[in-house]
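Written out below as structure tokens is the structure these notes cover.
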Amino acid sequence: MVTPKKIIIQDLELADKEIARLRKENKNLKLIIEDSEKQMKLYMEDRDNLRKENKELKDKLDKLRTDNIYEE
């Protein structure tokens, strides 16, 4: 026969295992978030660099067009 005390201990053991599982999952999620934030930062840096490069190329193209107009 299972006594109420034994049921409570089993429930506590299950709760303890669940807490440990949730802590591990929380740690994994934090690592995923940190990695995602690093990745996002790199993407944003790439985006900014591409925008800068695009602007520089546009300016050079505009200058070439302007120079070409005056040469004709």
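We did not get these values from a lab; they are worked out from the coordinates using the rules stated. Note that the structure is a prediction, hence the values are computed from the model and not measured. Glycine also receives a Cβ, built like all others from the backbone with ideal geometry; neighbour counts cover every protein chain displayed.
How big is the charge dipole of the chain about its Cα centre, in debye rounded to the nearest 20, if each Lys and Arg gets +1 on its Cβ and each Asp and Glu gets -1 on its Cβ?
With only Lys, Arg, Asp and Glu charged at Cβ, the dipole is about 620 debye.
Counting each DSSP H run of 4 or more residues in the chain as -39500 (n - 2.57), what helix-only mean residue ellipticity at 222 nm follows after dividing by all residues, to the nearest 500 deg cm²/dmol?
Only helices count here, giving -36000 deg cm²/dmol.
Once the Cα atoms of helix 4-71 and of the chain are each reduced to a long axis, what angle between those two axes, in degrees from 0 to 90 to the nearest 10, is obtained?
That works out to roughly 0 degrees.
Among [x] 68, 7, 4; [y] 27, 24, 7; [z] 24, 12, 9, only one was calculated for this model; which label is it, if the read-out is semi-axes √(5λ) of the Cα gyration tensor in Å?
For semi-axes √(5λ) of the Cα gyration tensor in Å, the calculated option is [x].
Which residue, chosen from Ile8, Leu22, Asn49, occupies the Cα position most advanced towards the positive end of the dipole of the chain, where the dipole is computed from +1 (Lys, Arg) and -1 (Asp, Glu) charges on Cβ about the Cα centre?
Ile8
Quick check: residue separation of Glu37 and Thr66 times 0.36 nm, minus the Cα distance between them. What number comes out in nm?
Here the segment from Glu37 to Thr66 would lengthen by 6.1 nm.
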